[in-house]
Amino acid sequence: MNKLRITLFIITVVSIIAGFILSKETRVDEKRFLGDVAPDVIFSAKAGTPPHYSSDRSITAFNSYDAAPSVNGYAGPIKVLLAINSKGDITGIKVLEHKETENYVHYLMSSDYLGRFVGKNVNDPFEPDNDIDALSRATVSVDALADTVRRSSRMVAAKVYGLEVKGIERKKGTGAGWLVYLSLFLASLCIYYITRGKRGLVRARDVSLLLGILIIGIYLVTPFSILHVFSLILGRVSSSYLWYAVVISTFLSVIIAGRFYCGWLCPFGALAEFLGKIPMKKWEVSNDTDDRWRNLKYILLAIAAAVVFVSRKTEYGNFETYVTLFSLHGDYLAWMLVALMLIINVKVERFWCRYLCPVAALTGLFCRADNKYISNQDCPMGNRPKPLISECIRCNKCYVKAGEAEG
Ligand code: SF4
(Lines give C-alpha, C1' and ligand atoms only; values in the text may rest on other atoms or scores of the structure.)
Protein backbone atom coordinates (compact mmCIF):
# COMPACT_ATOMS: atom_id res chain seq x y z
CA MET A 1 0.00 0.00 0.00
CA ASN A 2 2.83 2.37 0.80
CA LYS A 3 4.36 1.70 -2.60
CA LEU A 4 1.03 2.52 -4.24
CA ARG A 5 0.72 5.73 -2.27
CA ILE A 6 4.24 6.82 -3.19
CA THR A 7 3.74 5.90 -6.86
CA LEU A 8 0.50 7.80 -7.08
CA PHE A 9 1.98 10.77 -5.29
CA ILE A 10 4.93 10.86 -7.71
CA ILE A 11 2.63 10.53 -10.74
CA THR A 12 0.45 13.35 -9.42
CA VAL A 13 3.35 15.71 -8.73
CA VAL A 14 5.09 14.98 -12.05
CA SER A 15 1.82 15.39 -13.96
CA ILE A 16 1.01 18.67 -12.23
CA ILE A 17 4.45 20.05 -13.07
CA ALA A 18 4.17 18.78 -16.66
CA GLY A 19 0.73 20.37 -16.88
CA PHE A 20 2.08 23.74 -15.80
CA ILE A 21 4.93 23.54 -18.29
CA LEU A 22 3.02 22.14 -21.27
CA SER A 23 -0.42 23.63 -21.24
CA LYS A 24 -0.58 27.34 -20.94
CA GLU A 25 -4.07 28.35 -19.89
CA THR A 26 -5.05 30.96 -22.45
CA ARG A 27 -7.89 33.29 -21.75
CA VAL A 28 -10.67 33.11 -24.30
CA ASP A 29 -10.59 36.05 -26.71
CA GLU A 30 -13.98 37.46 -25.77
CA LYS A 31 -13.87 40.11 -28.54
CA ARG A 32 -14.44 37.32 -31.07
CA PHE A 33 -17.83 36.63 -29.54
CA LEU A 34 -19.17 40.19 -29.27
CA GLY A 35 -21.10 39.64 -32.49
CA ASP A 36 -22.81 36.63 -30.90
CA VAL A 37 -24.31 38.67 -28.06
CA ALA A 38 -24.92 41.85 -30.06
CA PRO A 39 -25.04 41.28 -33.83
CA ASP A 40 -24.31 44.27 -36.07
CA VAL A 41 -23.15 46.43 -33.16
CA ILE A 42 -19.71 48.03 -33.35
CA PHE A 43 -18.02 48.20 -29.96
CA SER A 44 -15.17 50.39 -28.79
CA ALA A 45 -12.14 48.95 -26.97
CA LYS A 46 -12.65 47.51 -23.51
CA ALA A 47 -12.38 50.21 -20.85
CA GLY A 48 -13.88 51.55 -17.63
CA THR A 49 -14.82 50.14 -14.26
CA PRO A 50 -15.86 47.42 -14.39
CA PRO A 51 -14.17 46.83 -17.77
CA HIS A 52 -16.76 46.86 -20.57
CA TYR A 53 -17.27 47.44 -24.30
CA SER A 54 -19.33 50.54 -25.16
CA SER A 55 -21.20 51.18 -28.40
CA ASP A 56 -23.13 54.01 -30.03
CA ARG A 57 -26.29 51.85 -30.03
CA SER A 58 -26.92 52.05 -26.25
CA ILE A 59 -25.68 48.48 -25.85
CA THR A 60 -22.88 47.59 -23.45
CA ALA A 61 -21.11 44.24 -23.49
CA PHE A 62 -18.97 42.83 -20.70
CA ASN A 63 -17.42 39.69 -19.28
CA SER A 64 -19.27 38.78 -16.07
CA TYR A 65 -15.99 37.71 -14.49
CA ASP A 66 -14.65 41.29 -14.71
CA ALA A 67 -17.61 42.55 -12.67
CA ALA A 68 -18.27 39.62 -10.30
CA PRO A 69 -15.09 37.52 -10.02
CA SER A 70 -15.97 35.87 -6.71
CA VAL A 71 -18.91 33.75 -7.91
CA ASN A 72 -17.86 30.14 -8.46
CA GLY A 73 -19.76 27.17 -9.80
CA TYR A 74 -18.81 23.61 -8.93
CA ALA A 75 -15.25 24.00 -10.22
CA GLY A 76 -14.40 27.66 -10.39
CA PRO A 77 -15.93 30.67 -12.12
CA ILE A 78 -18.39 30.51 -15.00
CA LYS A 79 -17.37 33.36 -17.31
CA VAL A 80 -20.23 34.82 -19.31
CA LEU A 81 -20.26 37.45 -22.05
CA LEU A 82 -23.33 39.63 -21.60
CA ALA A 83 -24.91 42.55 -23.43
CA ILE A 84 -27.37 44.95 -21.77
CA ASN A 85 -29.16 48.05 -23.02
CA SER A 86 -29.59 51.43 -21.31
CA LYS A 87 -32.82 50.26 -19.60
CA GLY A 88 -30.94 47.42 -17.95
CA ASP A 89 -32.46 44.68 -20.12
CA ILE A 90 -30.26 41.74 -21.06
CA THR A 91 -30.04 41.57 -24.84
CA GLY A 92 -27.44 38.84 -25.35
CA ILE A 93 -25.61 36.14 -23.44
CA LYS A 94 -22.90 33.57 -24.17
CA VAL A 95 -20.84 31.38 -21.86
CA LEU A 96 -17.16 31.96 -22.59
CA GLU A 97 -15.47 29.58 -20.17
CA HIS A 98 -16.24 27.17 -17.38
CA LYS A 99 -14.71 24.13 -15.68
CA GLU A 100 -17.92 22.44 -14.59
CA THR A 101 -18.45 18.73 -15.24
CA GLU A 102 -19.93 18.58 -18.75
CA ASN A 103 -22.37 15.82 -17.80
CA TYR A 104 -24.12 18.08 -15.34
CA VAL A 105 -24.14 21.32 -17.34
CA HIS A 106 -24.53 20.36 -20.99
CA TYR A 107 -28.08 21.79 -21.13
CA LEU A 108 -27.28 24.71 -18.86
CA MET A 109 -24.68 25.94 -21.37
CA SER A 110 -26.93 25.52 -24.40
CA SER A 111 -28.31 28.53 -26.27
CA ASP A 112 -31.78 27.13 -25.59
CA TYR A 113 -31.34 27.51 -21.82
CA LEU A 114 -29.28 30.72 -21.94
CA GLY A 115 -31.89 32.32 -24.18
CA ARG A 116 -34.19 32.46 -21.15
CA PHE A 117 -32.01 35.22 -19.69
CA VAL A 118 -32.54 37.44 -22.72
CA GLY A 119 -35.19 40.08 -22.07
CA LYS A 120 -34.82 39.94 -18.30
CA ASN A 121 -34.10 43.18 -16.48
CA VAL A 122 -31.09 43.50 -14.18
CA ASN A 123 -33.46 44.09 -11.27
CA ASP A 124 -35.30 40.80 -11.79
CA PRO A 125 -34.61 38.33 -8.98
CA PHE A 126 -32.60 35.76 -11.05
CA GLU A 127 -33.61 33.10 -8.58
CA PRO A 128 -33.62 29.44 -9.58
CA ASP A 129 -37.07 27.98 -8.93
CA ASN A 130 -38.50 31.50 -9.12
CA ASP A 131 -37.84 33.34 -12.37
CA ILE A 132 -35.03 31.03 -13.57
CA ASP A 133 -35.49 27.37 -14.44
CA ALA A 134 -33.73 25.32 -11.76
CA LEU A 135 -32.33 22.28 -13.50
CA SER A 136 -32.47 19.63 -10.82
CA ARG A 137 -29.32 17.92 -12.10
CA ALA A 138 -27.01 20.92 -11.72
CA THR A 139 -28.23 22.99 -8.79
CA VAL A 140 -24.83 24.43 -7.85
CA SER A 141 -23.99 25.43 -11.43
CA VAL A 142 -27.48 26.89 -12.01
CA ASP A 143 -27.16 29.01 -8.86
CA ALA A 144 -23.69 30.17 -9.86
CA LEU A 145 -24.72 31.08 -13.41
CA ALA A 146 -27.78 33.01 -12.20
CA ASP A 147 -25.75 34.76 -9.51
CA THR A 148 -22.91 35.75 -11.83
CA VAL A 149 -25.40 37.19 -14.38
CA ARG A 150 -27.38 39.00 -11.65
CA ARG A 151 -24.42 40.58 -9.90
CA SER A 152 -22.36 41.51 -12.94
CA SER A 153 -25.26 42.97 -14.92
CA ARG A 154 -26.47 45.05 -11.96
CA MET A 155 -22.93 46.31 -11.42
CA VAL A 156 -22.55 47.37 -15.06
CA ALA A 157 -26.07 48.88 -15.22
CA ALA A 158 -25.29 51.00 -12.15
CA LYS A 159 -21.78 52.08 -13.14
CA VAL A 160 -22.23 52.53 -16.90
CA TYR A 161 -25.86 53.71 -17.20
CA GLY A 162 -26.33 55.12 -13.70
CA LEU A 163 -29.44 52.98 -13.19
CA GLU A 164 -30.79 52.38 -9.74
CA VAL A 165 -30.27 48.68 -9.05
CA LYS A 166 -31.18 46.30 -6.29
CA GLY A 167 -28.40 44.71 -4.22
CA ILE A 168 -25.26 43.45 -5.87
CA GLU A 169 -24.12 41.56 -2.81
CA ARG A 170 -23.19 37.94 -3.09
CA LYS A 171 -26.06 35.51 -2.64
CA LYS A 172 -25.75 33.63 0.62
CA GLY A 173 -25.45 29.89 0.23
CA THR A 174 -27.21 27.76 -2.37
CA GLY A 175 -30.32 26.42 -0.76
CA ALA A 176 -30.47 23.83 1.97
CA GLY A 177 -28.83 21.03 -0.04
CA TRP A 178 -25.67 21.14 2.04
CA LEU A 179 -27.71 20.84 5.23
CA VAL A 180 -29.60 17.84 3.87
CA TYR A 181 -26.33 16.24 2.79
CA LEU A 182 -24.60 16.82 6.12
CA SER A 183 -27.63 15.59 8.08
CA LEU A 184 -27.65 12.34 6.13
CA PHE A 185 -23.90 11.98 6.42
CA LEU A 186 -23.83 12.53 10.18
CA ALA A 187 -26.89 10.36 10.83
CA SER A 188 -25.33 7.49 8.86
CA LEU A 189 -21.99 7.92 10.60
CA CYS A 190 -23.71 7.77 14.00
CA ILE A 191 -25.61 4.62 13.03
CA TYR A 192 -22.35 3.12 11.73
CA TYR A 193 -20.78 3.57 15.17
CA ILE A 194 -23.88 2.53 17.11
CA THR A 195 -24.37 -0.69 15.14
CA ARG A 196 -20.75 -1.85 15.24
CA GLY A 197 -20.63 -5.24 16.90
CA LYS A 198 -24.43 -5.55 16.94
CA ARG A 199 -25.14 -8.25 14.36
CA GLY A 200 -28.88 -7.80 14.57
CA LEU A 201 -28.62 -4.20 13.38
CA VAL A 202 -26.44 -4.56 10.29
CA ARG A 203 -29.53 -4.15 8.10
CA ALA A 204 -29.74 -0.52 9.26
CA ARG A 205 -27.11 0.12 6.61
CA ASP A 206 -29.61 -0.76 3.87
CA VAL A 207 -31.71 2.24 4.90
CA SER A 208 -28.68 4.49 4.68
CA LEU A 209 -27.79 3.08 1.25
CA LEU A 210 -31.33 3.62 0.02
CA LEU A 211 -31.22 7.24 1.23
CA GLY A 212 -27.85 7.58 -0.53
CA ILE A 213 -29.53 6.71 -3.83
CA LEU A 214 -32.56 8.94 -3.21
CA ILE A 215 -30.89 11.97 -1.66
CA ILE A 216 -27.28 12.03 -2.90
CA GLY A 217 -27.91 10.43 -6.27
CA ILE A 218 -31.36 11.56 -7.35
CA TYR A 219 -32.24 14.67 -5.31
CA LEU A 220 -28.90 16.44 -4.85
CA VAL A 221 -27.15 14.80 -7.82
CA THR A 222 -23.83 15.14 -6.10
CA PRO A 223 -22.13 11.81 -5.49
CA PHE A 224 -18.53 12.24 -4.35
CA SER A 225 -16.39 12.07 -7.46
CA ILE A 226 -12.71 11.91 -8.23
CA LEU A 227 -13.33 15.15 -10.14
CA HIS A 228 -13.87 16.89 -6.78
CA VAL A 229 -10.31 15.94 -5.86
CA PHE A 230 -8.80 16.80 -9.24
CA SER A 231 -10.52 20.21 -9.19
CA LEU A 232 -9.32 20.84 -5.66
CA ILE A 233 -5.71 20.01 -6.57
CA LEU A 234 -5.96 22.32 -9.59
CA GLY A 235 -7.21 25.08 -7.27
CA ARG A 236 -10.70 25.15 -8.81
CA VAL A 237 -12.97 25.28 -5.83
CA SER A 238 -16.62 26.12 -5.59
CA SER A 239 -18.41 28.84 -3.65
CA SER A 240 -21.21 26.36 -2.89
CA TYR A 241 -21.70 25.12 0.67
CA LEU A 242 -22.81 21.78 -0.79
CA TRP A 243 -19.44 21.32 -2.52
CA TYR A 244 -17.63 21.87 0.78
CA ALA A 245 -20.06 19.60 2.64
CA VAL A 246 -19.41 16.76 0.17
CA VAL A 247 -15.63 17.16 0.02
CA ILE A 248 -14.86 17.86 3.68
CA SER A 249 -17.21 15.19 5.10
CA THR A 250 -15.81 12.53 2.79
CA PHE A 251 -12.19 13.41 3.57
CA LEU A 252 -12.83 13.42 7.31
CA SER A 253 -14.76 10.15 7.20
CA VAL A 254 -11.86 8.43 5.40
CA ILE A 255 -9.56 9.43 8.25
CA ILE A 256 -11.89 8.25 11.01
CA ALA A 257 -13.82 5.42 9.35
CA GLY A 258 -12.01 4.36 6.18
CA ARG A 259 -14.27 3.68 3.21
CA PHE A 260 -17.43 4.44 5.18
CA TYR A 261 -18.73 6.61 2.32
CA CYS A 262 -18.51 3.66 -0.12
CA GLY A 263 -20.30 1.30 2.23
CA TRP A 264 -22.99 3.55 3.59
CA LEU A 265 -23.73 6.43 1.22
CA CYS A 266 -22.36 6.06 -2.31
CA PRO A 267 -25.47 5.87 -4.52
CA PHE A 268 -23.81 3.73 -7.19
CA GLY A 269 -22.29 1.41 -4.58
CA ALA A 270 -25.75 1.09 -3.06
CA LEU A 271 -27.29 0.23 -6.41
CA ALA A 272 -24.52 -2.26 -7.10
CA GLU A 273 -24.97 -3.91 -3.72
CA PHE A 274 -28.75 -4.19 -4.04
CA LEU A 275 -28.36 -5.70 -7.50
CA GLY A 276 -25.81 -8.14 -6.10
CA LYS A 277 -28.50 -9.47 -3.78
CA ILE A 278 -30.57 -10.74 -6.70
CA PRO A 279 -30.61 -14.48 -6.13
CA MET A 280 -28.63 -15.67 -9.13
CA LYS A 281 -25.65 -17.98 -9.26
CA LYS A 282 -22.55 -15.83 -8.69
CA TRP A 283 -19.23 -16.06 -10.48
CA GLU A 284 -16.54 -17.55 -8.30
CA VAL A 285 -13.52 -15.28 -8.07
CA SER A 286 -10.43 -16.82 -6.49
CA ASN A 287 -8.42 -14.82 -3.98
CA ASP A 288 -5.48 -14.65 -6.39
CA THR A 289 -7.58 -13.33 -9.26
CA ASP A 290 -9.30 -10.95 -6.90
CA ASP A 291 -5.98 -9.60 -5.62
CA ARG A 292 -4.66 -9.04 -9.12
CA TRP A 293 -7.79 -7.32 -10.44
CA ARG A 294 -8.23 -5.07 -7.42
CA ASN A 295 -5.06 -3.28 -8.50
CA LEU A 296 -6.74 -2.21 -11.71
CA LYS A 297 -8.57 0.63 -9.98
CA TYR A 298 -5.27 2.10 -8.77
CA ILE A 299 -3.87 1.94 -12.29
CA LEU A 300 -6.99 3.67 -13.65
CA LEU A 301 -6.75 6.33 -10.96
CA ALA A 302 -3.09 6.97 -11.83
CA ILE A 303 -3.89 7.21 -15.55
CA ALA A 304 -6.81 9.58 -14.90
CA ALA A 305 -4.65 11.75 -12.62
CA ALA A 306 -1.84 11.91 -15.20
CA VAL A 307 -4.20 12.80 -18.06
CA VAL A 308 -6.09 15.43 -16.04
CA PHE A 309 -3.07 17.14 -14.55
CA VAL A 310 -1.05 17.18 -17.77
CA SER A 311 -4.00 18.46 -19.84
CA ARG A 312 -5.45 20.52 -16.96
CA LYS A 313 -8.88 19.41 -18.14
CA THR A 314 -10.86 17.56 -15.48
CA GLU A 315 -13.41 16.22 -17.98
CA TYR A 316 -10.68 13.96 -19.43
CA GLY A 317 -10.63 12.05 -16.13
CA ASN A 318 -14.36 11.44 -16.11
CA PHE A 319 -15.14 7.77 -16.54
CA GLU A 320 -17.18 7.42 -13.37
CA THR A 321 -20.40 5.49 -13.79
CA TYR A 322 -22.22 7.42 -11.06
CA VAL A 323 -21.56 10.73 -12.85
CA THR A 324 -23.17 9.39 -16.02
CA LEU A 325 -26.03 7.65 -14.26
CA PHE A 326 -27.13 10.42 -11.92
CA SER A 327 -26.48 13.33 -14.28
CA LEU A 328 -28.50 11.40 -16.89
CA HIS A 329 -25.94 12.47 -19.45
CA GLY A 330 -23.13 10.69 -21.20
CA ASP A 331 -22.05 9.45 -24.58
CA TYR A 332 -22.75 6.01 -25.96
CA LEU A 333 -19.62 4.51 -24.38
CA ALA A 334 -20.35 6.00 -20.96
CA TRP A 335 -23.86 4.53 -20.94
CA MET A 336 -22.52 1.18 -22.15
CA LEU A 337 -20.15 1.17 -19.17
CA VAL A 338 -22.99 1.95 -16.75
CA ALA A 339 -25.15 -0.82 -18.17
CA LEU A 340 -22.28 -3.31 -18.18
CA MET A 341 -21.35 -2.53 -14.58
CA LEU A 342 -24.90 -2.87 -13.34
CA ILE A 343 -25.30 -6.21 -15.11
CA ILE A 344 -21.96 -7.62 -13.92
CA ASN A 345 -22.77 -6.52 -10.38
CA VAL A 346 -25.52 -9.12 -10.36
CA LYS A 347 -22.88 -11.81 -10.85
CA VAL A 348 -20.06 -10.31 -8.77
CA GLU A 349 -21.21 -8.17 -5.88
CA ARG A 350 -19.82 -4.61 -6.04
CA PHE A 351 -17.76 -5.41 -9.15
CA TRP A 352 -17.31 -1.71 -9.96
CA CYS A 353 -16.26 -0.86 -6.39
CA ARG A 354 -13.81 -3.75 -6.17
CA TYR A 355 -11.97 -3.38 -9.45
CA LEU A 356 -12.59 -0.08 -11.21
CA CYS A 357 -13.83 2.78 -9.04
CA PRO A 358 -11.31 5.66 -8.74
CA VAL A 359 -12.96 6.93 -5.54
CA ALA A 360 -12.52 3.45 -4.04
CA ALA A 361 -8.85 3.54 -5.01
CA LEU A 362 -8.28 7.00 -3.58
CA THR A 363 -10.12 6.44 -0.31
CA GLY A 364 -8.51 2.99 0.02
CA LEU A 365 -5.07 4.60 -0.07
CA PHE A 366 -5.80 6.61 3.06
CA CYS A 367 -7.51 4.01 5.26
CA ARG A 368 -5.96 3.31 8.61
CA ALA A 369 -5.47 -0.28 9.71
CA ASP A 370 -8.17 -1.65 12.04
CA ASN A 371 -7.84 -5.21 13.29
CA LYS A 372 -11.43 -5.34 14.53
CA TYR A 373 -12.54 -6.25 11.01
CA ILE A 374 -11.95 -9.95 10.37
CA SER A 375 -14.16 -10.50 7.30
CA ASN A 376 -16.42 -13.45 6.60
CA GLN A 377 -18.18 -15.30 3.80
CA ASP A 378 -20.85 -12.63 3.72
CA CYS A 379 -18.45 -9.81 2.88
CA PRO A 380 -19.99 -7.66 0.12
CA MET A 381 -16.48 -6.89 -1.12
CA GLY A 382 -15.38 -10.51 -1.24
CA ASN A 383 -12.71 -9.54 1.25
CA ARG A 384 -10.92 -12.60 2.57
CA PRO A 385 -10.30 -13.38 6.25
CA LYS A 386 -7.86 -10.87 7.68
CA PRO A 387 -9.13 -8.43 5.10
CA LEU A 388 -7.33 -5.66 3.32
CA ILE A 389 -8.58 -2.60 5.14
CA SER A 390 -8.34 -0.66 1.88
CA GLU A 391 -11.05 -2.95 0.47
CA CYS A 392 -13.32 -2.83 3.51
CA ILE A 393 -16.41 -0.66 3.09
CA ARG A 394 -17.26 -0.84 6.81
CA CYS A 395 -20.48 -2.76 6.47
CA ASN A 396 -19.84 -3.99 10.02
CA LYS A 397 -20.84 -7.58 9.27
CA CYS A 398 -17.52 -8.88 10.57
CA TYR A 399 -16.70 -6.28 13.21
CA VAL A 400 -15.59 -7.79 16.48
CA LYS A 401 -15.31 -5.90 19.75
CA ALA A 402 -11.96 -5.31 21.40
CA GLY A 403 -10.72 -8.53 22.99
CA GLU A 404 -12.78 -10.76 20.66
CA ALA A 405 -10.47 -10.16 17.70
CA GLU A 406 -7.68 -12.32 19.07
CA GLY A 407 -10.00 -14.93 20.54
S1 SF4 B 1 -14.28 -6.76 5.65
FE2 SF4 B 1 -16.05 -6.97 7.05
S3 SF4 B 1 -16.79 -4.89 7.47
FE4 SF4 B 1 -15.43 -4.83 5.69
S5 SF4 B 1 -16.78 -4.98 3.94
FE6 SF4 B 1 -16.10 -7.06 4.40
S7 SF4 B 1 -17.63 -7.90 5.82
FE8 SF4 B 1 -17.96 -5.67 5.71
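The values are calculated or read from the model by the stated rules, or taken from the named source; none is laboratory data. Please read these numbers as outputs of a predicted model, since none were measured by experiment. Because the Cβ atoms are built from the backbone with ideal geometry, glycine has one as well, and the counts that use them run over all protein chains shown. Keep in mind that these areas ignore ligands, DNA and RNA; they rest on the heavy atoms of the full protein, side chains included. Shrake-Rupley method; radii C 1.70, N 1.55, O 1.52, S 1.80 Å.
What the table shows:
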| item | result |
| --- | --- |
| Selection count, segment 86-123, where residues are in contact (Cβ under 8 Å) with a residue 24 or more places away in the chain, assigned to a loop (DSSP other than H, G, I, E, B) and not hydroxyl-bearing (Ser, Thr, Tyr) | 12 |
| Filter result for residue 331 (among the charged types (D, E, K, R) and within 16 Å of the ligand (Cβ to nearest atom)) | no |
| Of all residues in segment 141-165 being in a helix (DSSP H, G or I) and of a type in the set (Gly, Ala, Ser), the one that is most open to solvent (accessible area, probe 1.4 Å) | 158 |
| Enumeration of residues in segment 40-65 that are of a type in the set (Gly, Ala, Ser) and touching a residue at least 24 places away in the same chain (Cβ under 8 Å) | 48, 54, 58, 61, 64 |
| Any hit, segment 261-280, residues being at pLDDT 95 or above, outside any helix (DSSP H, G or I) and of a type outside the set (Lys, Arg) | yes |
| Only one of 185, 117, 126 that is under 24 Å from residue 81 (Cβ atoms), buried (at least 20 other Cβ atoms within 10 Å of the Cβ) and modelled with pLDDT of 90 or more | 117 |
| Lone qualifier among 321, 314 - being more than 16 Å from the ligand (Cβ to nearest atom), closer than 18 Å to residue 217 by Cβ, open to solvent by less than 20 Å² (accessible area, probe 1.4 Å) and in contact with a helix residue (DSSP H, G or I) (Cβ under 8 Å, 6 or more places away or on another chain) | 321 |
| Filter pass, residue 309 being open to solvent by less than 20 Å² (accessible area, probe 1.4 Å), among the aromatic types (Phe, Trp, Tyr) and either within 10 Å of the ligand (Cβ to nearest atom) or in contact (Cβ under 8 Å) with a residue 12 or more places away in the chain (or both) | yes |
| Residues (of a type in the set (D, E, K, R) and open to solvent by 100 Å² or more (accessible area, probe 1.4 Å)) located in segment 20-62 | 24, 25, 27, 31, 32, 40, 56, 57 |
| One residue from 374, 344 being open to solvent by 20 Å² or more (accessible area, probe 1.4 Å) and within 10 Å of the ligand (Cβ to nearest atom) | 374 |
| Residue in segment 354-371 that is more than 25 Å from residue 189 (Cα to Cα) and within 14 Å of the ligand (Cβ to nearest atom) present | no |
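This table checks each residue for (1) free of Cβ contacts under 8 Å to residues at least 12 places away in the same chain; (2) within 18 Å of residue 397 (Cβ to Cβ); (3) aliphatic (A, V, I, L, M).
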position: 166; (1), (2), (3): no, no, no
position: 190; (1), (2), (3): yes, no, no
position: 194; (1), (2), (3): yes, yes, yes
position: 205; (1), (2), (3): no, yes, no
position: 220; (1), (2), (3): no, no, yes
position: 224; (1), (2), (3): no, no, no
position: 232; (1), (2), (3): no, no, yes
position: 243; (1), (2), (3): no, no, no
position: 257; (1), (2), (3): no, yes, yes
